[in-house]
Amino acid sequence: MAARVEHLTTSGTFSLDGGTWDVDNNVWLVGDDEEVLVVDAPHELGPIAEAVGTRRVVAVVCTHAHDDHVTVAPDLGERFAAPVLLHPDDLGLWTMTHPSTAPTGTLEDGQVLHVAGVDVHVLHTPGHSPGSVCLHVPALGVVLTGDTLFQGGPGATGRSYSDFPTIITSIRERLLALPPDTEVRTGHGGSTTIGDEAPHLQEWLDRGH
């Protein structure tokens, strides 16, 4: 079968700055019946491994290193003999969750990953965290935005290592420049499109979050 994007949700907690919150996280699999990229590795290994099945994992790609997105990334990489990729600007956050296990590879702006005959373009989109990335798959008309852009606005920037002006710049320059019909698959909650979100940029600026 042709390349596609598959989805599952796992539940757990997110902790930072002394607080802990219950969260549901999206996991995205980009690939076909033979191989996949796993985008984010939250909370539980079992459901993600079950979704992968017998397919080859090209890489485990972390959109950023908040603990609810990388919980089982090392375990998933080991289980499927796959590299775990993270932008180096988020290594400080990564070590809060995995102090003795480093990612096995890096993500860089402009990097192109390959899976199931399609190209996956890495966009460095700091703001929610210093090393946040989005993954644009032009052939599928999809961008995976992690916690950078949601239905209704930017990701949260009220905690450590986050910055509102920076995330706005990332969204304006990197995401809103994509075709309007590009589907936005987010780190939490429902999906949207670039065209649905673009008209609201000034609203986000006015509210400041």
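Just so it is clear, none of the values below were taken in a lab; they were calculated from the coordinates. Model, not experiment: these values are computed from the prediction. With ideal geometry, Cβ positions are generated from the backbone for all residues, glycine too; neighbour counts draw on all protein chains shown.
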*Can you put D24, D206, D90, D181 in order, fewest other beta carbons within 10 Å first?*
D206, D181, D24, D90
*Taking 7 Å along the Cα-to-C-beta vector as the label spot, tell me the M1-S15 distance in nanometres, rounded to one decimal.*
3.8 nm
*asked:* Whole-Hz ³J(HN,Hα) for each residue in segment 148-165, computed from phi via Karplus 6.51 cos²θ - 1.76 cosθ + 1.60 with θ = phi - 60°, x for glycine and proline: what do you get?
replied: 7, 9, 10, 5, x, x, x, x, 5, 9, x, 10, 4, 6, 10, 8, 5, x
*Placing +1 at every Lys and Arg Cβ and -1 at every Asp and Glu Cβ, with all other atoms neutral, what dipole size does segment 67-209 have around its Cα centre, in debye to the nearest 20?*
60 debye
_Nearest 500 deg cm²/dmol is fine: what mean residue ellipticity at 222 nm does the chain get from its DSSP H runs of n ≥ 4 alone, each adding -39,500 (n - 2.57), divided by its residue count?_
-5000 deg cm²/dmol
_Length added when fully stretched, A156-A102, from 0.36 nm per residue minus Cα-Cα_ = 16.9 nm
_Burial order of peptide ranges 106-113, 14-21 (average beta-carbon count within 10 Å, highest first)_ = 106-113, 14-21
*When a/c is below 1.5 the answer is rounded, else prolate if a/b is larger than b/c, else oblate, so apply that to segment 47-163 with a ≥ b ≥ c taken from the square roots of the Cα gyration tensor eigenvalues.*
oblate
*Going by C-beta contacts inside 10 Å, put M96, M1 in order with the fewest on the left.*
M1, M96
